[in-house]
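S.K.: Shown below is the structure under consideration.
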Amino acid sequence: MTGLPIAVVGASAAGLAAAETLRRSGWRGPLTLIGDEPHLPYDRPPLSKQLLHGAWAPEKLLLRTTDQLAPLDLDLRLGTRATGLDVATRTLTLDDGTELACAGVIIATGVAARTLPGADRIAGVHTLRTLDDALALRSRLAKGGAPGSEGVAAGGRGLRLVIVGNGVLGCEAAAVARELGHDVTLVGIEATPMAAAVGTEVGELLAEEHRARGVRLVTGAVAGFETAPADPADGGDPRVTAVRLAEGAAPSGGAPGGSGETAPGGGRLLPADLVLVAIGSRPAVEWLDDPALDTGDGLRCDAYCAAAPGIYAAGDVARWDHPVHGRPLRFEHRMNATEQGMAAARNLLAELAPSAPAGAEEAAPAQERRPFAPVPYFWSDQYAVKIQAYGLTAGADRVETTVVDRAERRVLALYGRDGSAVGVLIAGLPPRQVRALRAVVAAPLPWEEARERIAAATAPG
């Protein structure tokens, strides 16, 4: 093969989908896949569920094995970070000093975990974004809290785990930790868990489930950490002993004994053997410093996922013009990553095809670019509750929630914006009804029409 490569930056679900689609759609030229982690592309949703629980081995998360990747004939560069991109020449700079001129670039670098000041220098304070993050946290949870213990299952006492952040990730990790027998306190600046993603009423149902399972819920901001002196066993870092809350933090229900102590100067202390910081993420765009790119809240793209000529983006990092909803959107959801990776690859090839030299070996068949217009989908598993949502649930100005069975956490919620229904959430309903509800919010519908269609889709019989 000759000519310039197409480079996919990010060995993620979106990046893998893009690489496979490029080959499947006819690209025969060089194809480079760059990933800053040393691992083959893997699935991230199980990190806070099956992997953290210990039910899955790391190998089960792999999206493709080495043998399965072989037919793609990739120039696979794992453990390599992109540090710059010259948009005009489509030249990538890598952390090993390599400058890679490209025919086209697809950016699928995802997001990075947000943290708190100084947290990275305190033993026992974790984030949960990568496979290595999850394995480190799983190892600590498995050891339990008793000195010399082989774990909670072997008779060790549960750890006092404080989770900072009551969004989706924090709630999922709290559920896993409680199932493993640990003492869990969930702290959030919002009084209701996951309220930003699902609304207050659905969030309250989830709060009830967590309280029933013994999770303490605390509302407030974290002001810092209390630590014990550095121990060589912890790499010389001080070890966390408590989370220090800002003044005004208050319990919002849960197991008894969660009041904590009072910190010097005010505020409360939540004793902690282990802390998980789950306060959200930031798009991984800090390496993109070319002024031709808009990197405010992700990499800004048009409806075709193009950020600039020959430069496309996919997955959590991309903020693109959704042609149905008529505004720029960015989704940190697994299904979107795969679908957008495929769309970006096809559209890049459509752009490159007219400029390919006649008879070029790497040229792909001519095609037309198409706007990327998915129906967003996300799910969350917490205890026996499975939440599924289609469309847009965050940022709604109207939410109508029907609690079908409170004890069983069966619920249906409709989300609206500017007079139209734009999202629907389901928990505990039959699969047939779940599938039917997707069509209701495939495009914004007038509110009353959507209500009628939902009633018909969920009618008995």
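The values are calculated or read from the model by the stated rules, or taken from the named source; none is laboratory data. Just so it is clear, the model here is predicted, and its values are computed rather than measured. Every residue, glycine as well, gets a Cβ built from its backbone with ideal geometry; the counts of neighbours run over all protein chains shown.
S.K.: Take the range 429-440 and flag every residue that is closer than 24 Å to R406 by Cβ and either outside the structural domain of R409 (by TED's automatic domain parsing) or buried (at least 16 other Cβ atoms within 10 Å of the Cβ) (or both).
M.R.: The answer is L429, V434, A436, L437, V440.
S.K.: Something else: Six or more apart or on different chains, Cβ atoms under 6 Å: show the pairs whose first residue is in the range 160-180 and farther than 17 Å from A195 by Cβ and in contact (Cβ under 8 Å) with a residue 60 or more places away in the chain and whose second is among the charged types (D, E, K, R) and part of a strand (DSSP E or B).
M.R.: R160/D183
S.K.: Here's a follow-up. Checking F372 against (1) in contact (Cβ under 8 Å) with a residue 60 or more places away in the chain; (2) in contact with a Phe, Trp or Tyr (Cβ under 6 Å, 6 or more places away or on another chain); (3) aromatic (F, W, Y), which single condition isn't satisfied?
M.R.: If we test F372 against (1) in contact (Cβ under 8 Å) with a residue 60 or more places away in the chain; (2) in contact with a Phe, Trp or Tyr (Cβ under 6 Å, 6 or more places away or on another chain); (3) aromatic (F, W, Y), just (2) comes out false.
S.K.: Continuing with this model, one more query. Kindly indicate which of L72, L128 is farther than 29 Å from G144 by Cβ and not acidic (D, E).
M.R.: L72
S.K.: Given (1) in a loop (DSSP other than H, G, I, E, B); (2) surrounded by fewer than 17 Cβ atoms within 10 Å (Cβ to Cβ), identify the lone condition not met by R369.
M.R.: (2)
S.K.: Would you point out which residue out of G97, G79, G84 is out of contact with any helix residue (DSSP H, G or I) (no Cβ under 7 Å at 6 or more places or on another chain), closer than 21 Å to T295 by Cβ, exposed (fewer than 15 other Cβ atoms within 10 Å of the Cβ) and not hydrophobic (A, V, I, L, M, F, W, C)?
M.R.: G84
S.K.: Among the residues that make up the range 210-228, is at least one of them modelled with pLDDT of 80 or more, assigned to a helix (DSSP H, G or I) and either in contact with a strand residue (DSSP E or B) (Cβ under 9 Å, 6 or more places away or on another chain) or surrounded by 22 or more Cβ atoms within 10 Å (Cβ to Cβ) (or both)?
M.R.: Yes, the range 210-228 contains at least one residue that is modelled with pLDDT of 80 or more, assigned to a helix (DSSP H, G or I) and either in contact with a strand residue (DSSP E or B) (Cβ under 9 Å, 6 or more places away or on another chain) or surrounded by 22 or more Cβ atoms within 10 Å (Cβ to Cβ) (or both).
S.K.: Quick check, is V111 buried (at least 21 other Cβ atoms within 10 Å of the Cβ) and either on the phi < 0 side of the Ramachandran plot or assigned by TED's automatic domain parsing to the domain that holds A221 (or both)?
M.R.: no
S.K.: Do we have G188 as at pLDDT below 95 and within 14 Å of V275 (Cα to Cα) here?
M.R.: So G188 fails the test.
S.K.: Restricting to the range 181-209, what's the tally of residues that are β-branched (V, I, T) and either in a helix (DSSP H, G or I) or without any contact (Cβ under 8 Å) to a residue 12 or more places away in the chain (or both)?
M.R.: 3
S.K.: Can you confirm whether T93 is in a strand (DSSP E or B) and free of Cβ contacts under 8 Å to residues at least 60 places away in the same chain?
M.R.: yes
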